[in-house]
1. Return the only residue of Leu58, Leu121, Leu111 being under 15 Å from the mean Cα position of the chain (by Cα), surrounded by 15 or more Cβ atoms within 10 Å (Cβ to Cβ), at pLDDT below 90 and in a helix (DSSP H, G or I).
2. Note down all Cβ pairs under 9 Å where the first residue falls in segment 158-172 and is on the phi > 0 side of the Ramachandran plot, the second is part of a loop (DSSP other than H, G, I, E, B), and they're at least six residues apart or on different chains.
3. Scanning segment 69-78 for residues that are hydrophobic (A, V, I, L, M, F, W, C) and assigned to a helix (DSSP H, G or I), which turns out surrounded by the most Cβ atoms within 10 Å (Cβ to Cβ)?
4. Suppose the filter is of a type outside the set (Val, Ile, Thr) and open to solvent by 40 Å² or more (accessible area, probe 1.4 Å); does Asn66 pass it?
5. Could you figure out which of (1) at pLDDT 85 or above; (2) buried (at least 24 other Cβ atoms within 10 Å of the Cβ) isn't true of Ala39?
6. Count, please, the residues in segment 100-118 that happen to be touching a Lys or Arg at 6+ places or on another chain (Cβ under 9 Å) and without any contact (Cβ under 8 Å) to a residue 40 or more places away in the chain.
7. Provide a single number: the residues in segment 169-197 that are small (Gly, Ala, Ser), open to solvent by less than 30 Å² (accessible area, probe 1.4 Å) and not in a loop (DSSP other than H, G, I, E, B).
8. Within segment 9-29, does at least one residue satisfy the condition of being without any contact (Cβ under 8 Å) to a residue 40 or more places away in the chain, more than 19 Å from the chain's Cα centre (by Cα) and in a loop (DSSP other than H, G, I, E, B)?
Amino acid sequence: MTFGALSQIDILLLALIGFSTACFHSIAGFSGGLLLAIAVAPFVGIKETVPTVSVAMLISNIARVNIFRRSIDWPIYLTINAVALPFVVLGIFMYLRMPTHYVAMFLGVFLMTMVPARWWLEGQRVRVSLKSLGVIAVPYGFLSGTSFGVGLMLAPFLLGAGLAGEALVATAAATGLSLNLTKTVFFGLSPLLTAQLALIGAMIGACTIPGHYLGAWIVRRTSLRVHARIVEAIIVAGALYYIWKGFATWPAA
């Protein structure tokens with residue numbers, strides 16, 4: 001098995017991308033998959049990005065769950081996943097049937113709305129019950145099946161449910177593990193996730209593991225406000241890239 005058309009430089013860059021985005025992931029608790037997908041898309045293709053990153057994030061979240069396993073809030077984890085996972089599968093089936101140009105435009109518009117939506121949600125002092133989390137899990141699951149980075153939108157609701165610190169990071173990691181396991185299985189049953197893409201995703205995922213440990217060291221020495229602005233700038237740049245690719249691949253009239 002090989003990495004296909006990727007050069008040695010491409011493989012090195014993907015390894016560095018996996019490592020560096022994991023640092024951001026450990027600092028913020030969220031956004032790792034989002035940043036990873038934005039960076040990986042030029043190497044594997046627009047539509048192939050989501051299944052490839054699903055494999056990488058499966059390995060990444062296994063490492064994070066192992067680190068923080070004692071802090072998982074099991075009632076919240078079970079509530080979200082019991083509702084979300086069937087809608088993840090529904091989102092995957094929709095994604096598999098979308099033409100590439102639609103996928104690119106959808107991802108671009110979705111990312112473009114995330115920054116202002118994140119600002120608005122952070123400004124709300126939301127108090128969330130388990131029942132409310134079950135309701136929120138419906139759009140969370142569906143959008144997670146068709147895109148990435150939806151954990152950013154889930155974060156304020158987890159905070160509103162009383163999670164903080166290691167409990168927040170651990171529960172988000174456990175939820176991400178179930179989510180990406182489901183996506184890997186169902187994309188793996190389709191022609192979209194080839195053996196080569198799965199290998200690329202696994203290689204990137206392995207490179208995220210040391211990145212998580214470095215991120216834990218960096219978080220004590222970096223302003224979270226500065227980090228948030230960097231992440232937002234990358235999200236906007238990624239959104240513009242996907243929208244541009246959507247127009248570039250749109251069939252001629």
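The values are calculated or read from the model by the stated rules, or taken from the named source; none is laboratory data. A quick note: this is a predicted structure, and the numbers were derived from the prediction, not measured. Neighbour counts run over all protein chains shown; Cβ positions are idealised from the backbone, glycine included. What goes into the accessible areas is simple: the full protein's heavy atoms, side chains included, and nothing from ligands, DNA or RNA. Shrake-Rupley method; radii C 1.70, N 1.55, O 1.52, S 1.80 Å.
1. Only one candidate passes the filter, namely Leu111.
2. Gly162/Asp73; Gly162/Arg127; Gly162/Val128
3. Taking the candidates together, the pick is Ile76.
4. Yes: the conditions hold for Asn66.
5. (2)
6. Going through segment 100-118 one residue at a time, the tally reaches 0.
7. 6
8. So far as segment 9-29 goes, no, none of its residues is without any contact (Cβ under 8 Å) to a residue 40 or more places away in the chain, more than 19 Å from the chain's Cα centre (by Cα) and in a loop (DSSP other than H, G, I, E, B).
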